[in-house]
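Take a look at the structure below.
Just so you know, all these numbers are worked out from the coordinates, no wet-lab data involved. Predicted, not measured: the structure shown is a model, and the values here were computed from it. Cβ coordinates were reconstructed from backbone atoms using ideal geometry, including for glycine residues, and neighbour counts include every protein chain displayed.
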Amino acid sequence: MKTLVLETGYKIKLPLDWVKELGLESGVVIERTEDGILIRPSTTRTWDNIYAEKLKMGTPSALDLSEVSGDDLIF
């Protein structure tokens, strides 16, 4: 077991060999548990992964533009 000191701002500085061995270079996920804090490698997500989970829009029905003015348009 290794003891680490909390730095100013409650930062934890992990040993470099741990970071490389555990694959923490791209970031971590911190989870609070009953026993303490669990630090895990975060999964790298690409925009393709994010958009793959996006909800598909249905086919639009009749578009009602009666309440739209020129002020509502964004250029």
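Okay, here's what the table says:
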{"read-out": "Loop-located chymotrypsin sites (Phe, Trp or Tyr not before Pro) in segment 1-57 whose Cβ has at most 11 other Cβ within 10 Å (DSSP)", "value": "Tyr10"}
{"read-out": "Backbone HN-Hα couplings from phi across segment 10-19 [Karplus 6.51/-1.76/1.60, Hz, Gly and Pro as x]", "value": "6, 8, 10, 9, 8, x, 4, 5, 5, 4"}
{"read-out": "Ser26 versus Asn49: modelled label distance in nm, points set 7 Å from Cα along the beta carbon direction", "value": "0.5"}
{"read-out": "Length released on extending from Thr8 to Ile39, taking residue separation times 0.36 nm less the Cα-Cα span", "value": "9.2 nm"}
